Amino acid sequence: MLTDQINQVEQRIKNFQRSMNAEMDSLLSQLQHLKELTANANPEAPVRRGLVKEKTIKVERNVWAHIPEVLKVVDVQEILKIGKPQAYDLVASGQFHCIKFGRRWLIPKQGFIKWLEGER
């Protein structure tokens, strides 16, 4: 039973990662298209293709920046979009590093991210 739930959560995580990657690729493609439209729509612009090298924009892909360094079970629950009992079961399963502090579970962000991304 618990193994089935773990497998379901892992599958949901993989689907979520695929979805996020596809969305990021779509947004980058749309941004590039809009840049091309802007460059073609304004022929009087001082930067013309071939004359001056265009600046490239580095898109930061750190989707974890808004997450606190130490997570609580409710944070894991929100990130994975699972119920409270499943979140507690997952935290207690020992699949990633957790610290039990009194009645509270604390999860270091980096260990959770590594587990979520499939690293060990």
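Residues in region 57-67 that are modelled with pLDDT of 60 or more, out of contact with any helix residue (DSSP H, G or I) (no Cβ under 7 Å at 6 or more places or on another chain) and either open to solvent by 80 Å² or more (accessible area, probe 1.4 Å) or under 28 Å from LEU2 (Cα atoms) (or both): 2 in all. Within region 1-38, restricting attention to residues that are among the aliphatic types (A, V, I, L, M) and within 15 Å of LEU90 (Cβ to Cβ), the residue that is most open to solvent (accessible area, probe 1.4 Å) is MET1.
You will find that of LEU116, LEU106, the residue that is in contact (Cβ under 8 Å) with a residue 24 or more places away in the chain and within 20 Å of ASN15 (Cβ to Cβ) is LEU116 and no other. Taken over region 97-120, the residue count meeting the criterion of being open to solvent by less than 70 Å² (accessible area, probe 1.4 Å) and either farther than 22 Å from MET20 by Cα or not in a loop (DSSP other than H, G, I, E, B) (or both) is 12. Pairs are defined by a Cβ separation below 7 Å, a sequence spacing of at least 6 or placement on different chains, a first member in region 15-30 that is on the phi > 0 side of the Ramachandran plot, and a second member that is not aromatic (Phe, Trp, Tyr); no pair meets this definition.
One line per residue, one yes/no per condition, for (1) closer than 22 Å to PHE96 by Cα; (2) modelled with pLDDT of 75 or more:
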{"position": "LEU2", "(1), (2)": "yes, yes"}
{"position": "ARG12", "(1), (2)": "yes, yes"}
{"position": "SER19", "(1), (2)": "no, no"}
{"position": "LEU27", "(1), (2)": "no, no"}
{"position": "GLN30", "(1), (2)": "no, yes"}
{"position": "LYS35", "(1), (2)": "no, yes"}
{"position": "ARG48", "(1), (2)": "no, no"}
{"position": "VAL52", "(1), (2)": "no, no"}
{"position": "GLU69", "(1), (2)": "yes, yes"}
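The values are calculated or read from the model by the stated rules, or taken from the named source; none is laboratory data. Because the structure is a prediction, the values reported are computed rather than measured. Neighbour counts run over all protein chains shown; Cβ positions are idealised from the backbone, glycine included. Quick note on the areas: whole protein, heavy atoms, side chains included, nothing else; ligands and nucleic acids left out. Shrake-Rupley method; radii C 1.70, N 1.55, O 1.52, S 1.80 Å.
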